[in-house]
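A quick write-up on the structure given underneath.
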Amino acid sequence: MNEPTFAHRLLQYDDATSLVLPTGARFIRKLPDDRSLGYLHRLFPAVTDRQLDELEETLARPLPAAYREFLRWSDGACFFDNSIYLYGFAENHARSLEPVDQTAISIRQENQLFSAAESERWLAGWMKVGSAVAWSSKVDLLLRADGACAITGAAGFHVAGSFDETLCLLFDRIGPCFSGDGLIDRDYASLEASLASLVCPAN
């Protein structure tokens, strides 16, 4: 499996407080609070090719190649203290707060909802693979099998380039909202403004 081009931007935060589990999960940079899951970034055990085939069968469409490769590196992820979510194969209905029991948000469940709620976009080939959230706003990350990537929210719909380019854009906008120790301004104003800047106004 190859690291995505944006991996170095996550791993630069790796330090002595990080946690690596026998499963391959990585929790990068413990935040200075008492949350057991309070880490800046969370990566999960990679998906097998067999699991990827199962996922495509369930979704009844091929995964975009870039996202398929990402899942072979990490089965979904959480970045910048749960400000960015990328969805994954594994599903976990437990309420455990132990790091070993954590998984990403289910891409299957999210797309069951997406295909019903936004059927026009689903039928146009879009698949929901992630989201970015602030205190009161949210944008979704969509991909198509041809590699097109879009960011969509209440303010509009913005086609943003490839998957890797879009992740770098998210990091560029959201990363500066966090200090070197991973803490965010708790009024969330900068994060709200960053999310708003990601989506062009609807025409």
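Just checking, which of Gly38, Gly24 is among the small types (Gly, Ala, Ser) and on the phi > 0 side of the Ramachandran plot? One residue alone meets the criteria, Gly24.
In the condition set (1) in contact (Cβ under 8 Å) with a residue 60 or more places away in the chain; (2) within 29 Å of Gly161 (Cα to Cα); (3) out of contact with any helix residue (DSSP H, G or I) (no Cβ under 8 Å at 6 or more places or on another chain); (4) not polar (S, T, N, Q), Arg29 is compliant with all but (2). Considering only the range 159-181, I want to know if a residue exists there that is part of a strand (DSSP E or B), modelled with pLDDT of 90 or more and either of a type outside the set (A, V, I, L, M) or surrounded by fewer than 18 Cβ atoms within 10 Å (Cβ to Cβ) (or both). Looking through the range 159-181, none of the residues is part of a strand (DSSP E or B), modelled with pLDDT of 90 or more and either of a type outside the set (A, V, I, L, M) or surrounded by fewer than 18 Cβ atoms within 10 Å (Cβ to Cβ) (or both). Within the set Arg50, Arg35, the sole residue that is surrounded by fewer than 14 Cβ atoms within 10 Å (Cβ to Cβ), modelled with pLDDT of 95 or more and not polar (S, T, N, Q) turns out to be Arg50. Under 6 Å between Cβ atoms, at least 6 apart or on separate chains: pull out the pairs that start in the range 8-23 with a residue that is farther than 25 Å from Asp34 by Cβ and end on any residue that is surrounded by 14 or more Cβ atoms within 10 Å (Cβ to Cβ). Filtered contacts from the range 8-23: Arg9/Phe171.
Report, by residue number, each residue of the range 36-73 that is acidic (Asp, Glu), in contact with a Lys or Arg (Cβ under 9 Å, 6 or more places away or on another chain) and closer than 17 Å to Gln109 by Cα.
Passing the criteria: only Glu56.
Entry remark, the range 23-32: residues being modelled with pLDDT under 95, in a loop (DSSP other than H, G, I, E, B) and not hydroxyl-bearing (Ser, Thr, Tyr) number 3 in total. Of the residues making up the range 126-138, those that are surrounded by fewer than 23 Cβ atoms within 10 Å (Cβ to Cβ) and closer than 18 Å to Ser190 by Cβ are Val133, Ala134, Trp135, Ser136, Ser137, Lys138.
Just for the range 64-103: of the residues that are in contact (Cβ under 8 Å) with a residue 60 or more places away in the chain and of a type in the set (D, E, K, R), which one is nearest to Leu10 (Cα to Cα)? Among them, the one singled out is Asp81. Taking the range 38-129 as the region of interest, the helices (runs of 4 or more DSSP H) fully inside it that hold 2 or more residues being of a type in the set (Asp, Glu) are 49-59.
Can you find a residue in the range 146-155 that is in a helix (DSSP H, G or I) and either among the hydroxyl-bearing types (Ser, Thr, Tyr) or at pLDDT 90 or above (or both)?
No, the range 146-155 contains no residue that is in a helix (DSSP H, G or I) and either among the hydroxyl-bearing types (Ser, Thr, Tyr) or at pLDDT 90 or above (or both).
The values are calculated or read from the model by the stated rules, or taken from the named source; none is laboratory data. Note that the coordinates shown come from a computational prediction; the quantities given were computed from them, not determined experimentally. Glycine gets a Cβ as well: all are built from the backbone with ideal geometry, and neighbour counts include every protein chain shown.
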